[in-house]
Amino acid sequence: MTGFTLAHFSDPHLGPLPAASWQDLANKRASGLFSWTRNRVKIHKPAVLKLLVEDLKAQSPDHITVTGDLVNISLPAEFKAAARWLETVGTPDNVTIIPGNHDAYVAMPWADSLACWAPYMLGSRAPGGPETLPQNGADFPFVRRVGSIALVGTSTAVPMPPFIAAGRLGAEQLCRLRDQLRYLGRDGLFRVVLIHHPPFGGGAYKRKSLLDAQDFQEVLADAGAELVLHGHTHVSGLARIQTPQGPIPVISVPSASAVAAGHKDPSRYHLYRISRSADSWRVEVDIRGLNTTQDAFVPQGSMALTIPLIVSKNVSVAGAAA
Ligand SMILES: [Fe+2]
Ligand SMILES: [Fe+2]
């Protein structure tokens, strides 16, 4: 397999916000709406997002991934609007998404929220199992195989109290993630784990962090993965998770709709050109971002990663299809 191109962008934070009733706002959404009207509306621009999508589609990637925060305060009308917007990005065949914390801003019935985007989260729920649509928030992770690429979509999106933007995978999802990664490792696939929150400890940003990041790292150290893509931070980032098999790259992108503001980065997306040799994966990462006049996306650098090819033999996986 040569030249598979995977595109990644994140955190579109689609605007404008639809009208909301007083009942809609009698919860955490009230503080979210205040934050939107005071700050976020000046940062997240639909015109910037439109430029990104146009530029990305002109690059003709083989598949597109979006790592959450499609909406802002989880109003039912936001989910419907985001479903219409997703149709402008691509079809469920060539676009895979996962939710972020803003997509579970408050507890919502599945049918009025993430069910609107279910076709973009079609995948195997059990190792080697058939692809199915998610039925509820417990139906993660899912695996979508595209050639030699396996996209593993997780969810860290759980409702949190006001002013808390943390996320959690939970013990059950971590267990299934381990099984899925082990199973995919037997086939020597390029495993891309999609996760909204960065999989690192909280430090000064604990109220925004992944609460079980250490457990996630231990699963990856045990079961393996070739690449982790995330959003949430709204900045470009490159880090690594150390494992016995070698470091796993962990890469983030800024918000897809953002103009330059404060300590956050303006909009960017990445193109991962993935190819395989006899003993390793070669990944060329092209970075494209908003120019200073905010009217076009332009090349903003590139980097190359070489990742050892790992085929896990004799690994038993609970519940795996033969
Ligand atoms: Fe975000
Ligand atoms: Fe987020």
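Derivation of every value follows stated rules applied to the coordinates shown; laboratory data play no part. All figures in this text were calculated on a predicted structure; none of them were measured in a lab. Backbone-built Cβ (ideal geometry, glycine too); neighbour counts: all protein chains shown.
Peptide packing: for 208-217, 301-310, the average count of neighbouring Cβ atoms within 10 Å per residue gives the ranking 208-217, 301-310, highest mean first. Only beta bridges with both residues in segment 217-268 are counted; by DSSP, about 65 percent of them are antiparallel. When the C-alpha to C-alpha distance is required to be over 25 Å, the pairs from Lys45/Lys206; Lys50/Lys206; Lys50/Lys264 that qualify are Lys45/Lys206; Lys50/Lys206.
Starting from the Kirkwood Rh over alpha-carbon pairs, what translational D in µm² s⁻¹ does segment 77-117 have by Stokes-Einstein at 10 °C and 1.306 mPa s? Result for D is 146 µm²/s. Compared with the direct C-alpha span, the chain from Cys175 to Glu131 gains 13.9 nm at full extension, assuming 0.36 nm per residue. Calculate, in whole percent, how much of the Cα-Cα pair population of segment 206-252 lies beyond 17 Å. Roughly 35 percent, rounded to a whole number.
Restriction of the chymotrypsin sites (Phe, Trp or Tyr not before Pro) in segment 1-39 to DSSP coil positions whose beta-carbon has at most 14 other beta-carbons within 10 angstrom yields Trp22. When each of Tyr205, Tyr272 is scored by the number of other beta-carbon atoms lying within 10 Å, the sequence from fewest to most is Tyr205, Tyr272.
Computed from the C-alpha gyration tensor, the three semi-axes of the ellipsoid equivalent to the chain are 30, 23, 18 Å, from longest to shortest.
What does a probe at Gln23 reach in segment 58-77, counting residues whose amide N is under 17 Å from the point 7 Å along Cα→Cβ? Under 17 Å, as judged by backbone N against the label point of Gln23, lie 75-77 of segment 58-77.
Sorted fewest first by neighbouring Cβ atoms within 10 angstrom, Thr292, Thr65 come out as Thr292, Thr65. Once you order the gyration tensor axes a ≥ b ≥ c over the Cα atoms, which shape class does segment 93-154 get: rounded for a/c under 1.5, otherwise prolate or oblate by comparing a/b with b/c? Prolate is the answer for segment 93-154, as a/c is 1.5 or above and a/b outweighs b/c.
Full extension of the chain segment joining Gln300 with Ser31 gains 93.3 nm, where the gain is 0.36 nm per residue of separation less the Cα-Cα distance. Charged side chains reduced to their Cβ positions (Lys and Arg at +1, Asp and Glu at -1) give the chain a dipole of some 460 debye around its Cα centre. In the chain, the calculated helix contribution to ellipticity at 222 nm averages -6500 deg cm²/dmol per residue, counting -39,500 (n - 2.57) for every DSSP H run with n ≥ 4. Using the Cβ-Cβ distance between Leu122 and Thr293 with R0 set to 30 Å, the FRET efficiency works out to roughly 0.15. Residues considered: Ala30, Ala82, Ala115. Largest GNM mean-square fluctuation over the chain, using C-alpha springs under 10 Å, is found at Ala30. Within segment 162-259, antiparallel bridges make up roughly 40 percent of the DSSP beta bridges whose residues both belong there. Counting only DSSP beta bridges whose two residues both lie in the chain, roughly 65 percent are antiparallel.
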